[in-house]
Amino acid sequence: MAVERDRTALQMALTRLGFGVHPLGPTRANLPLEEGAELMQYAYENVIRVFDTAQFYHTYSYIKRGLEKIRQAEGYDGEPFLCSKCLEPGYEDMLAAIKEACRETGRDSIDLFLLHQAEPGWQRERADARKALIDARQLGRGKWIGRATHHQDVVEEAANDDELDAVFALFNRDGLGIRRGDDAGSAVGMKKALESCQKAGKAVLLMKIFGGGNLTTDYQKASGYIFRDCQGLFDTAVVGFTSRREIDELLQFCSGQMARDYNPPTDHKRLRIDRGDCIGCGSCVRICASKAMHYSKEDGLAEISREQCVSCGYCAIACPQRAIVFW
């Protein structure tokens, strides 16, 4: 009964759309602080009240300044929902990460804190971090706790974790980036896993609904799959916005006001390597027929030769880490 009650409260705190703050920061668009904060305020004014980040994104400064601007706005009617995550496996490191998130964002607590990038075997390697999350929730540092993952098998297992309040999973129409063990997963498999979590009383948050931007070339099909075909599957879909236009477009689609033949412009976008996610596995190098992918001599991670890249996107499909993004 307690799980059901907790989930109801969590659902009430969530909005249908969430704002992924990661693209504002130094590994992506690297927007000026005020510009990023103003974009958060604009999202809040348009009833996007969930803001997601993570310790290693280095974007807490945007959150803090964004919250300051939101509180000063005429339409302010309550604190937005904050979500953050940590990769550390240790008990003390996880507690320190939660304290850091509170301190750097100016909040007494973080609404939802998660194990970041949970992979198969996390139970053994990150059991202490899980215990820290449970203890932090009891101490009031985090209202709810959960697990963020690209793996459908991790989501399947989450349905039976009684301590878990939420799952935050990669999900999109084409299954880009979904994993199952060491192999590729599927949209169908992840959907079934998320349905199991729903039945078990977990809140469901979605990430990378546009596959790291790679599905924006067919924007309405990608959006329609999430917000029409799978509308009952999730509580919040988190999108990484970097402009007001991107916010306006998704709001237009969700409200049915977007012209059927419209697709957001993508000429300004290009494939990029998120060096915070790349592990240098070589999947992109092996699949690239244009020989545009290679290893950096500086850090051994993937790099793209612009003069050879034809933007086919095969490298993004092959990448198990979703480190190849289109923006």
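The values are calculated or read from the model by the stated rules, or taken from the named source; none is laboratory data. Quick caveat: nothing in here was measured; it's all calculated off a predicted structure. Backbone-built Cβ (ideal geometry, glycine too); neighbour counts: all protein chains shown. Each accessible area value is taken on the protein alone, full model and side chains, heavy atoms only, with ligands, DNA and RNA left out. Shrake-Rupley method; radii C 1.70, N 1.55, O 1.52, S 1.80 Å.
Would you please classify the overall shape of the stretch 199-287 from the alpha carbon gyration tensor, given that a ≥ b ≥ c denote the square roots of the eigenvalues, rounded means a/c under 1.5, and beyond that prolate means a/b larger than b/c while oblate covers the rest? Oblate is the answer for the stretch 199-287, as a/c is 1.5 or above yet b/c matches or exceeds a/b. What shape does the stretch 100-252 have by the C-alpha gyration tensor, where a ≥ b ≥ c are the square roots of the eigenvalues, rounded means a/c under 1.5, and otherwise prolate means a/b greater than b/c and oblate the rest? Here the stretch 100-252 falls in the oblate category.
Rounded to the nearest 5, what % of DSSP beta bridges with both residues in the chain are antiparallel?
Values: 8 of 38 bridges.
Roughly 20 percent of the DSSP beta bridges within the chain come out antiparallel.
Residue ranges 29-41, 142-154, 286-298 sort as 142-154, 29-41, 286-298 when ordered by packing (mean number of other C-beta atoms within 10 Å per residue, highest first).
Quick check for you: with a 1.4 Å probe and neighbouring chains kept, what is the accessible area per residue of the chain, in Å²? Before the final figure, lay out each step's value.
Numbers: 14760 Å² over 327 residues.
With all protein chains present, the chain gives 45 Å² per residue.
Any idea what the relative contact order of the chain is, in percent, if you count C-alpha pairs under 8 Å spaced at least 6 apart?
Once divided by the residue count of the chain, the mean separation gives 15 percent.
In sequence order, the stretch 304-318 has phi-based couplings of 10, 7, 4, 6, 9, 6, 10, 6, 6, x, 4, 5, 5, 5, 6 Hz under the Karplus curve 6.51 cos²θ - 1.76 cosθ + 1.60, θ = phi - 60°, and Gly or Pro positions carry x.
Computing the accessible area with a 1.4 Å probe over protein heavy atoms, can you report the carbon and sulfur percentage for the stretch 98-200? Each step should come with its number before you reach the end.
Values: 1800 of 4350 Å².
About 41 percent, which is the carbon plus sulfur part of the accessible surface.
Of Val310, Val188, Val239, the residue with the greatest mean-square motion in the GNM of the chain, using alpha carbon springs below 10 Å, is Val310. Here the contact order of the stretch 166-296, divided by its residue count and restricted to Cα pairs under 8 Å and six or more residues apart, works out to 21 percent.
Working ranking of peptides 134-141, 49-56, 265-272 by packing, defined as the average number of other Cβ atoms within 10 Å per residue, highest first, is 49-56, 134-141, 265-272. Full extension of the chain between Ser255 and Gln220 gives 11.3 nm of extra length, using 0.36 nm per residue less the Cα-Cα distance.
Whole-Hz Karplus values for the stretch 213-225 come out as x, 5, 9, 6, 5, 10, 4, 6, 5, 5, 5, x, 4 Hz, taken residue by residue from phi with 6.51 cos²θ - 1.76 cosθ + 1.60 and θ = phi - 60°; glycine and proline positions read x.
When the inverse distances between all different Cα atoms of the chain are averaged and flipped, the Kirkwood radius reads 20.1 angstrom.
Here are some pairs, Lys208/Lys291; Lys85/Lys192; Lys69/Lys99; Lys191/Lys221; Lys143/Lys202; Lys99/Lys143; which of them have Cα atoms lying more than 20 Å apart in this structure?
Numbers: Lys208/Lys291 27 Å; Lys85/Lys192 24 Å; Lys69/Lys99 23 Å; Lys191/Lys221 17 Å; Lys143/Lys202 14 Å; Lys99/Lys143 13 Å.
Going by Cα-Cα distance, Lys208/Lys291; Lys85/Lys192; Lys69/Lys99 fall outside the 20 Å limit.
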